[in-house]
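These notes are about the structure you will find just below.
The values are calculated or read from the model by the stated rules, or taken from the named source; none is laboratory data. Fair warning: this is a prediction, and the values are worked out from it, not measured in the lab. In this analysis, Cβ positions are derived from the backbone assuming ideal geometry, glycine residues included, and neighbour counts consider all displayed protein chains.
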Amino acid sequence: MIDNIDIANVLFLDIETVSAKPDYQSMSDDFKELWALKSRQFTRHQEGETSEEELEELFQARAGIFAEFGKIVCISVGVVHRDKEDQLLKVRLKSFASENESELLHEFSQMVFKYYNNTNKFYFCGHNIKEFDIPYICRRMVVNQLPLPTALSLFGKKPWETQHLLDTLELWKFGDRKHFTSLKLLAALLGFPSPKDDMDGSDVGRVYWQEKGLDRIAFYCEKDVLATIQLFLRFKRMPLLEADQVMHVK
């Protein structure tokens with residue numbers, strides 16, 4: 001299937017998320033109680049109470065990965081085209097990044113509505129996009145009361161109705177459901193630059209809340225998108241992109 005897909009019809013994307021509040025103590029009492037219940041799913045404390053200190057630590061480490069307790073601060077996208085002069089593939093990387101989640105989701109969704117809403121022609125591609133990025137985007141759009149583009153309206157869809165979602169993690173699994181393989185590992189294995197040379201996912205919350213480094217997060221997110229494009233090219237047995245074939249669009 002992937003050999004028959006025109007890479008120019010693929011929107012590559014990645015998101016960066018953080019906790020919705022800067023720390024555990026900033027949440028309302030209701031949400032503190034709800035976080036305590038949620039945390040039991042991934043701690044030893046299946047019964048009884050988790051200490052306040054442990055809840056704070058868990059919030060810092062894990063809240064951002066849950067759409068109910070986190071928010072999106074950046075969606076980066078990449079579009080590949082063939083240059084008319086030298087016939088080389090070129091990629092344009094752009095980020096929707098803001099402290100205002102509703103604003104960035106609106107801008108992203110308007111782009112999808114305008115250019116990528118035809119699921120018979122266009123594809124969305126990311127690493128673990130089916131289990132994380134797309135569901136997270138959709139959930140946060142509901143929270144922000146924004147309309148879902150047709151391409152992202154996945155409720156009740158059968159697997160053959162979501163073939164416009166290309167997940168490079170799923171492609172690498174080749175049917176194996178047991179293991180997660182990181183983009184960093186695949187970059188090392190398949191010989192393209194790692195996107196994790198400056199920071200990784202565990203740093204995003206600190207960089208956002210403590211360093212106010214939204215631009216740094218956006219650039220990191222764009223490197224993740226570029227790495228996904230390189231991985232996609234490896235699956236298609238095509239040459240990797242060189243630095244002069246990549247443009248970061250403000």
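Taking the condition of being touching a strand residue (DSSP E or B) at 6+ places or on another chain (Cβ under 7 Å) and not in a loop (DSSP other than H, G, I, E, B), how many residues in the stretch 112-150 meet it?
11
Does at least one position in the stretch 79-90 carry a residue that is assigned to a helix (DSSP H, G or I) and either of a type in the set (D, E) or in contact with a Cys (Cβ under 7 Å, 6 or more places away or on another chain) (or both)? Step through it out loud before you land on a result.
First, pick out the residues of the stretch 79-90 that are assigned to a helix (DSSP H, G or I): none.
No, the conditions are met nowhere in the stretch 79-90.
Exactly one condition in (1) in a loop (DSSP other than H, G, I, E, B); (2) under 15 Å from the mean Cα position of the chain (by Cα); (3) closer than 16 Å to V79 by Cα is not met by E222; state its number.
If we test E222 against (1) in a loop (DSSP other than H, G, I, E, B); (2) under 15 Å from the mean Cα position of the chain (by Cα); (3) closer than 16 Å to V79 by Cα, just (1) comes out false.
Can you tell me which of (1) over 20 Å from A97 (Cβ atoms); (2) surrounded by fewer than 18 Cβ atoms within 10 Å (Cβ to Cβ); (3) within 17 Å of the chain's Cα centre (by Cα) is the one P159 doesn't meet?
(3)
Look at the stretch 136-166 and say how many of its residues are more than 20 Å from A20 (Cβ to Cβ) and among the polar types (S, T, N, Q).
Going through the stretch 136-166 one residue at a time, the tally reaches 4.
What do you reckon, is I2 modelled with pLDDT of 95 or more and either under 28 Å from W209 (Cα atoms) or not aromatic (F, W, Y) (or both)?
Numbers: modelled with pLDDT of 95 or more: no; either under 28 Å from W209 (Cα atoms) or not aromatic (F, W, Y) (or both): yes.
Considered against the rule, which asks whether it is modelled with pLDDT of 95 or more and either under 28 Å from W209 (Cα atoms) or not aromatic (F, W, Y) (or both), I2 comes out as no.
Determine, yes or no, whether G205 is more than 21 Å from V246 (Cβ to Cβ), of a type outside the set (F, W, Y) and touching a residue at least 60 places away in the same chain (Cβ under 8 Å). Before you say what the answer is, go through the steps one by one.
Numbers: more than 21 Å from V246 (Cβ to Cβ): yes; of a type outside the set (F, W, Y): yes; touching a residue at least 60 places away in the same chain (Cβ under 8 Å): yes.
Answer is yes for this residue.
State whether one or more residues within the stretch 209-223 are among the acidic types (D, E), under 19 Å from Q87 (Cα atoms) and surrounded by fewer than 15 Cβ atoms within 10 Å (Cβ to Cβ). Working first, answer last.
As a first pass, look at the stretch 209-223 and keep what is among the acidic types (D, E): 211, 215, 222.
With the extra rule that they be under 19 Å from Q87 (Cα atoms), the set shrinks to none.
So far as the stretch 209-223 goes, no, none of its residues is among the acidic types (D, E), under 19 Å from Q87 (Cα atoms) and surrounded by fewer than 15 Cβ atoms within 10 Å (Cβ to Cβ).
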